[in-house]
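Trainee: Next up is a structure, given as structure tokens.
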Amino acid sequence: MQRLTVTGRLLITALILAAIYFGFKYVGGVDLLKSLRKENTEETTSRSSNEGSESASSEGIDEERTTTTSSSATQSNKPGFDYEAPVPQGGTLKGVVELGASGFNSFIIRIDDQKNWKLEKAEFGNSLVIENMATDDDVRAGLKKYIGGMLDFGVGGRDIHFVVSSGAVKADVTQRIIRVLKSLNYFVNTVSAEQEGKLALRSVLPTEFYDSAFVVDIGSGNTKISWKEGNKTSALESYGSKYFQEGKSDNTVYDEVKAKAKQIPSSHRKTCFIIGGVPFELAKAVRKGKERYTVLDAADAYKLDNAKTRAGLNIYKAIADGTGCEKFVFDWDANFTIGFLLDLPK
């Protein structure tokens, strides 16, 4: 080996490598390499296929999400509402409780000398006081606890007021509660349907909209329609969302409500501020975040199963058809009893 030239040594090395290659080929080495290469290719194809499936799946989820959104809010081009209520400067806490046949709605607001107000706390449908209350003593104990909660929040005893809605004043349980409240030295305020409509307007209609808008309050017992012309507030009453319990047909109610709505001056039909139990359900379906004002979809956009809500939707449609108004704005904070607080002397 020492006598071999450099060229000879390179030639021998090449022959040895060639022999190794062909030997490896015949024992399956090349086939093994091909097998490994094939597996690598299949893995790459599989990964690409999976990525494609995942992408298609994501598109399907996005499509489903889009479909769901469009089904709950079909009016993508409905008019918006850009308004912010004035905030009270300082002010005093005042509380009001609406007495109903099946529960209480209570509100605590902060109100300043200019009658600017802000909702601080609200409770809806609270039946604490009237459930399982067999005697006046039971009612008295429940009322004391209920009033105590408002006092603990910071409302002064003289700043807690009680109002009976026009739809609940005749209920036996309401009369019992009124009697007990009077024994606790609380005055109970009763209002007519017309007064309710005017108080609803007082709480929900901003002064900037006095000349261009009207107000609707759809309650269980009745619906109140109101508007303001100069210093005069007009209010009309019609069927509430439980009219089906009275044996009234949808067509009868639709026709009467539509006729009442047509009495609203044409100059006041640009915007409707709407409150009440059924409007609450309609607004809940399309609310964005924690916004105070929610623009409702058109009546035809809602698909509802509950009898009361369907009835309320019939009333809503009658008002829309009677006025031609296309912008119905639900106020999450307003209530006619807050209008009662705003009407109190300073």
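The values are calculated or read from the model by the stated rules, or taken from the named source; none is laboratory data. None of the values given here were measured: they were computed from a predicted structure. All Cβ positions, even for glycine, are placed from backbone atoms using ideal geometry, and neighbour counts span all protein chains on display. Ligands, DNA and RNA are stripped out before the accessible areas are found, and what is left, the full protein with its side chains, is counted by its heavy atoms. Shrake-Rupley method; radii C 1.70, N 1.55, O 1.52, S 1.80 Å.
Trainee: Step by step: first the residues of the range 162-209, then only those that are among the β-branched types (Val, Ile, Thr) and open to solvent by 50 Å² or more (accessible area, probe 1.4 Å), then the one that is farthest from the chain's Cα centre (by Cα). Which residue is that?
Mentor: THR190
Trainee: Condition check: aliphatic (A, V, I, L, M), within 20 Å of VAL188 (Cβ to Cβ) and either modelled with pLDDT of 80 or more or surrounded by 20 or more Cβ atoms within 10 Å (Cβ to Cβ) (or both). Does LEU99 satisfy that?
Mentor: Spelling it out, LEU99 is indeed aliphatic (A, V, I, L, M), within 20 Å of VAL188 (Cβ to Cβ) and either modelled with pLDDT of 80 or more or surrounded by 20 or more Cβ atoms within 10 Å (Cβ to Cβ) (or both).
Trainee: Only one of SER267, SER234, SER241, SER249 is in contact with a helix residue (DSSP H, G or I) (Cβ under 8 Å, 6 or more places away or on another chain) and either of a type outside the set (Phe, Trp, Tyr) or farther than 19 Å from ALA334 by Cβ (or both). Can you tell me which? Steps first, answer last, please.
Mentor: Working: SER267 fails: in contact with a helix residue (DSSP H, G or I) (Cβ under 8 Å, 6 or more places away or on another chain); SER234 fails: in contact with a helix residue (DSSP H, G or I) (Cβ under 8 Å, 6 or more places away or on another chain); SER249 fails: in contact with a helix residue (DSSP H, G or I) (Cβ under 8 Å, 6 or more places away or on another chain).
That would be SER241, the only listed residue that is in contact with a helix residue (DSSP H, G or I) (Cβ under 8 Å, 6 or more places away or on another chain) and either of a type outside the set (Phe, Trp, Tyr) or farther than 19 Å from ALA334 by Cβ (or both).
Trainee: Additional query: Do you know which of the residues in the range 166-189 that are part of a helix (DSSP H, G or I) and in contact (Cβ under 8 Å) with a residue 60 or more places away in the chain is nearest to ILE218 (Cα to Cα)? Spell out the reasoning first.
Mentor: Kept after step one, since they are part of a helix (DSSP H, G or I), are these residues of the range 166-189: 172-183.
Remaining after also requiring in contact (Cβ under 8 Å) with a residue 60 or more places away in the chain: 173-174, 177-178.
Values: VAL173: 23, THR174: 21, ILE177: 24, ILE178: 24 Å.
Filtering first and then ranking leaves THR174.
Trainee: Please state which one of LEU313, LEU304 is open to solvent by 20 Å² or more (accessible area, probe 1.4 Å), modelled with pLDDT under 95 and hydrophobic (A, V, I, L, M, F, W, C).
Mentor: LEU304
Trainee: Which condition from (1) closer than 18 Å to GLY322 by Cα; (2) assigned to a loop (DSSP other than H, G, I, E, B); (3) open to solvent by 60 Å² or more (accessible area, probe 1.4 Å); (4) not polar (S, T, N, Q) is the one that LYS248 breaks?
Mentor: All conditions are met except number (1).
Trainee: Just the residues that are in a loop (DSSP other than H, G, I, E, B), surrounded by fewer than 20 Cβ atoms within 10 Å (Cβ to Cβ) and either free of Cβ contacts under 8 Å to residues at least 40 places away in the same chain or hydrophobic (A, V, I, L, M, F, W, C) (or both), please, taken from the range 321-345.
Mentor: Once the filter is applied, which keeps residues that are in a loop (DSSP other than H, G, I, E, B), surrounded by fewer than 20 Cβ atoms within 10 Å (Cβ to Cβ) and either free of Cβ contacts under 8 Å to residues at least 40 places away in the same chain or hydrophobic (A, V, I, L, M, F, W, C) (or both), the range 321-345 yields TRP332, LEU344, PRO345.
Trainee: With respect to ARG158, determine if the residue is in contact (Cβ under 8 Å) with a residue 24 or more places away in the chain and charged (D, E, K, R).
Mentor: Judged against the criteria, ARG158 is not a match.
Trainee: To continue, here is another question. Regarding ASP300, is this residue of a type in the set (D, E, K, R), part of a loop (DSSP other than H, G, I, E, B) and either touching a strand residue (DSSP E or B) at 6+ places or on another chain (Cβ under 6 Å) or without any contact (Cβ under 8 Å) to a residue 40 or more places away in the chain (or both)? I'd like the intermediate steps shown before the answer.
Mentor: Working: of a type in the set (D, E, K, R): yes; part of a loop (DSSP other than H, G, I, E, B): no; either touching a strand residue (DSSP E or B) at 6+ places or on another chain (Cβ under 6 Å) or without any contact (Cβ under 8 Å) to a residue 40 or more places away in the chain (or both): yes.
The answer is no for ASP300.
Trainee: Among the residues of the range 261-297, count how many are open to solvent by less than 50 Å² (accessible area, probe 1.4 Å) and either charged (D, E, K, R) or over 26 Å from LYS118 (Cβ atoms) (or both).
Mentor: 5
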